[in-house]
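*Asks:* Quick one: the structure is below, questions incoming.
The values are calculated or read from the model by the stated rules, or taken from the named source; none is laboratory data. Everything numeric in this text was worked out from a predicted model, so none of it was measured. Glycine also receives a Cβ, built like all others from the backbone with ideal geometry; neighbour counts cover every protein chain displayed. The protein model used for the area step is the full one, side chains on, heavy atoms only, and it has no ligands, DNA or RNA in it. Shrake-Rupley method; radii C 1.70, N 1.55, O 1.52, S 1.80 Å.
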Amino acid sequence: SCMSTTEEFVDEGDVLAALGRAWGLVLFLGIMTLLLGVAFVAWPHATLAVVAYLFGFYLLVSGIFNIVRAFSAEHDRALLIITGALSIILAIWCFKSLANSAQLLALFIGFAWMFRGLIELTVGFKAKGVDGRGWLITGGILMIIGALVIFFYPQESLSTIIWITGIMLIILGISEIVGAFQMKGLTKS
């Protein structure tokens, strides 16, 4: 039994040593997250441009990937070629103008929210007598309303989403920085 106590002590020491090495990394990530959040809030239009172009790039890469995959696929070959070609066409449309890209990105987010909202609503209505049922129904309705707002005001909605994301990143960055110093404090005791 003496042996196991020593092993536990060694393990705890290893954990503290690992924390001591990791706190700097956590601090660095916290500062980067904070700076990214500040950039999102300070320059929402520039951020939107970067995000929109990354979205276009994602469409281009996924389109090429689907077409390449179609050649080695046993099934769904035609479907892969069609979705691949469509992705490439949408990517080109994105690269033609920032407005195109932003609208397409907004539509994708809107459809994702609508789909998720409908699923949450359906699950909520089917889950009679289950805890959290009201949250599912409320969440589903809010997602659907959010999707409709995005469909009617795509540009404004994206700017708001970027701004909210920036604030969340700032809060996350600050909490990571605080956590890093707490980790550093733990290793001294």
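*Asks:* What relative contact order, as a whole-number percentage, does the chain give when Cα pairs under 8 Å and 6 or more residues apart are counted? Spell out each step's value before the answer.
*Replies:* Working: 212 pairs, mean separation 68.8, N = 189.
In percent, rounded to a whole number, it is 36.
*Asks:* Next question. Got a number for carbon plus sulfur as a percent of region 37-189's accessible area, 1.4 Å probe?
*Replies:* Carbon and sulfur atoms account for 76 percent of the accessible area of region 37-189.
*Asks:* Can you give the convex hull volume of the alpha carbon atoms of region 20-87 per residue, in Å³?
*Replies:* 119 Å³
*Asks:* Still on this structure, I have one more. Given C-alpha coordinates of region 40-149, what is the ratio Rg to Rh with the Kirkwood estimate of Rh?
*Replies:* Looking at region 40-149, the ratio lands at 1.13.
*Asks:* Among 125-136, 159-170, 62-73, how do they line up by average Cβ neighbours within 10 Å per residue, starting with the highest?
*Replies:* 159-170, 62-73, 125-136
*Asks:* Still on this structure, I have one more. Given Cα positions, please report Rg to Rh for the chain, the hydrodynamic radius being the Kirkwood one.
*Replies:* 1.14
*Asks:* Next up: When ligands, DNA and RNA are left out and all protein chains stay put, how many square angstrom of accessible area per residue does the chain have with a 1.4 Å probe? Walk me through the numbers before you get to the answer.
*Replies:* On the way: 12480 Å² over 189 residues.
That works out to 66 Å² per residue.
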